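Here is the structure we will look at.
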């Protein structure tokens, strides 16, 4: 979504620290890391930490339970449990390390090779991995221990070898995804060799899943290691091991149940810590790829109270329309100050009309629509304003009464129709469910009206489409299906966010024609969000131009093309290649849309405006009425456009 | 034009993919040339094969038959080492400025990679080249130390262009290079591309679905549909209303023009042109016109015989059995059109002079 553009405002170092920062925000992760660090350090420094020799027997004091001498008590031979745990941890953690190292050493390179090379290498490695995964690990390790008695290193290496295919598969699928990224193709065309590309472009991108797998495998390896130690298959019986201690405790469970507590708890906590760590890293990595910045950009803009005019489309003061948006503001919730991304936006939609909201990415047009529908993504919230549906405030009504309105009065279609369809069900069954939800009719009736709806959106073979799944539809068909879904509740208003942007121009023309026909037949109003002036010219009655979170101009459709009254609108229209001389330089607007949080204080367009004066950068600019049904947020409108308005 | 060896020549190129048991002809007997210093447009909708053509030229996909010649040398099937050498001469800029830059590398590292890959060891020289190139694409030299996510879409596309130019190639393939950019940014990047072409004697293969942009940028245009060439010729002929192929005509008419009155008039014409395809996938036979199922002017011959390319207008060819008759059958008076009216006469917005 466009609002992600505000990442540009972040400091360079912030992002690299984000993963650690996010891990730090999760108390569980901090606890897990701390716990593992303490256990590891204690085991490494066992010589200094352990109060007793782990083999020192004191037959006077056996099975004591916790005392001041032995804080965790003693075992059947009077050995100090605390010291044995610490020394035993050395073996256990070393085993985990061995297992993880083998898994990574095998899984990562071969996974990379399979995913990157593809073709027969991939098929061969994948088949091989699947075969190994079918082999029962425990039995193979038992065989190894039979050949090499008490050799725990061999056991763990074998275990690692058998665990490697799982990592191989994870790395392979992560690599496959990265391989499709264009920068890999770009790297090839740059003349880079394959090993270079893998090392520098692929590997850094697959580390996330690898770390997760490694920590989960560590948990599994520890469980396994203590298991075979418990069975007494590895170390010398006298030598301390965690598994062995559990085994010993289990023999005296009737006499001293306490003995099971220290070793059991430690094993459980360590395994838990590995698991928690894996989960936390995965969560942090996912947010890192798609989330909002956790830190607010430094400069948050000045938003003083401003003199504003209502849009002025109903001079008699009465409102007979459907939707009235008043001073709607949306902000990004962040740890420091909230960053506004839509500010005091107002517009009206009358019954049956088509309003175009036009602007570039980062203008806040999509967010405005989502706020009206109360569908703001996580991290964004409505910071102020009202949205009236007839005379009810949508933003303050309860979730349940709004749910009744959504779908039946207001409907929504997005730029990516495929995403809104459930891939697991046929189009028909989803549509039937929707119709039954809205109208409470029988399944049979719903099924026939589903086919009617699909016919209504001009799908040439409705029966086939009803039986199809989302992935079988082309982009144009999927958008028609999405429109059919939206029509299921017979809405009075359809909000369409870039409904044709992803489509071919011929399909776009068809969809626009369809929307126009449906409006004519049902009297439905349409709010169309787009960046395409051709689409605006084609279907809209009025246009609302947005820039940097504000409405900068509203106007009837012919006027805005003939006599734009804001320098931004003018700049956009003259940048259109179809209006320019071929091969001439286009008149472009310098610079780029400022990101939320770095909006200029006064006129937000002033840094890019060729008409800007002193006044434009010092005073707050209101949206003022500049003609019947027209408003512009430009204080120089009279001077700049005088020739135009006069004529 | 007659004696000059074309910089890039694509001759009867065919690329096929297997989709399960079906064979999809992504490119079917496609030929075109890019001359030194010119911009050739490759236009078509999704599935037309235009991006496959780019991949085939760069050796990123297998070619089934036909050949690709660069400056007279056959480069269709090259072993990796020689293929690599061609990348000094030929580069590409992709559509998506978000996935075409490695998010984990600084801009400087991304830009210096091509030089290092071709053995440049002098890190001072590399740094100078990077700084020069950033300047040429109008980015601050400090950009080298920053990461892709710190740049807007338009800036990233400049970076991608800079990377393509690092090796001073003679041909740059622009694969929908401005399609994902906002209008004001698109204009900036188009201007930059023209500027770079003038200063560096570059040739462009400009791949796009947007006829408006293609008309603005290109000298000549090739129109692809379902892997076949429908029409090719000078940009103004192909992308104007004088187009010789019904598909080109449809494409032209389907683009909504930013003028409500003109657009209202066009709509009627567009409506009759658009016959939605039947559901599922239609089987296209080799011995038919691929556009016949969508063509309002089709006749039995169109379903039974593959039209070959034949001369249509000066320097233009068309693959249509019904040319020129179909043009006479266009119903009604010709609607107003932004493409043919010279920009000066067009009802463009008033341009207030600067203060």
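Between the range A:325-386 and the range A:201-222, the C-alpha centres lie 40 angstrom from each other. The separation of the range B:39-77 from the range A:554-584, counted between C-alpha centres, amounts to 37 Å. Per-residue shielding of A:536-543, expressed as the average number of other chain Cβ atoms within 10 Å of the residue Cβ, stands at 4. Computed from the alpha carbon positions, the gyration tensor of the range B:101-217 leads to an equivalent ellipsoid with semi-axes of 24, 16, 12 Å, biggest first. The distance between label points at residue A:143 and residue A:196 comes to 4.5 nm (points 7 Å beyond Cα on the Cα→Cβ vector). Grouping the Cα pair distances of the range A:121-213 into 10 Å bins from zero gives a pair-distance distribution of 15, 33, 28, 16, 7, 1 percent in increasing distance order.
Kirkwood hydrodynamic radius of the range A:493-645, from the reciprocal of the average inverse Cα-Cα distance over all distinct pairs: 17.0 Å.
If the viscosity is 1.306 mPa s and the temperature 10 °C, what Stokes-Einstein diffusion coefficient in µm²/s follows for chain A when Rh is the Kirkwood radius over Cα pairs? Stokes-Einstein gives a translational diffusion coefficient of 53 µm²/s. Report summary: the helix-based calculation at 222 nm, which adds -39500 (n - 2.57) for every DSSP H run with n ≥ 4 and divides by the residues of chain A, gives -16000 deg cm²/dmol. Taking only Cα atoms, what is the 0 to 90° angle, nearest 10, from helix A:505-522's long axis to the longest principal axis of chain A? Relative to chain A, helix A:505-522 is tipped by roughly 70 degrees.
Counting Cβ atoms of other protein chains within 10 Å of each Cβ in A:556-563 and taking the mean gives 4.
Shielding by partners for peptide A:188-199, expressed as the average number of C-beta atoms from other protein chains within 10 Å of each residue's C-beta, is 6. Given an 8 Å cut-off on Cα distances and at least 6 residues of separation, report the relative contact order of chain B as a percent. About 17 percent, as a whole number. Projected label points at residue B:286 and residue B:46, each 7 Å from Cα along the beta carbon direction, are separated by 2.9 nanometres.
Once you have a ≥ b ≥ c as the square roots of the Cα gyration tensor eigenvalues for the range B:186-225, tell me rounded if a/c is under 1.5, and otherwise prolate or oblate according to whether a/b is larger than b/c. Cα axes put the range B:186-225 in the oblate bin. Taking only the C-alpha atoms of the range A:570-628, Rg followed by Dmax gives 14.3, 40 Å. Let me know the shape class of chain B, please: from the alpha-carbon gyration tensor, a ≥ b ≥ c as square roots of the eigenvalues, rounded when a/c is under 1.5, otherwise prolate if a/b is greater than b/c, or oblate. Because a/c hits 1.5 or more and a/b fails to exceed b/c, chain B counts as oblate. Treating r as the C-beta distance of residue B:78 and residue B:31 and R0 as 22 Å, the FRET efficiency rounds to 0.65. Computed over Cα pairs, the Kirkwood radius of the range A:16-133 leads via Stokes-Einstein (0.692 mPa s, 37 °C) to a diffusion coefficient of 180 µm² per second. Shape class of the range B:283-334 from the Cα gyration tensor (axes a ≥ b ≥ c, square roots of the eigenvalues): oblate, since a/c reaches 1.5 or more and a/b does not exceed b/c.
Tell me, what is the percent relative contact order of the range A:534-647, built from C-alpha pairs under 8 Å that lie six or more residues apart? The normalised contact order for the range A:534-647 reaches 26 percent.
Model label sites at residue A:24 and residue A:490, defined 7 Å from Cα along the beta-carbon direction, differ in position by 5.9 nm. Once the Cα atoms are used to define both axes, helix A:399-408 deviates from the longest principal axis of chain A by about 60 degrees. Between the helical axis of A:137-147 and the longest alpha-carbon principal axis of chain A there is an angle of about 30 degrees.
Look at the alpha carbon pairs under 8 Å that are at least 6 residues apart: their mean separation over the length of chain A gives a relative contact order of 13 percent.
The range A:103-140 and the range A:387-465 have Cα centres lying 45 Å from one another.
Using a Gaussian network model of chain B in which every pair of alpha carbons under 10 angstrom is joined by a spring, one finds that among B:39, B:73, B:61 the greatest mean-square fluctuation is at B:73.
Values quoted throughout were computed directly from the atomic coordinates according to the rules given, and no laboratory measurement underlies them. No experiment lies behind these values; they were computed from the predicted model shown. No Cβ is skipped: glycine too gets one built from the backbone with ideal geometry, and neighbour counts run over all protein chains shown.
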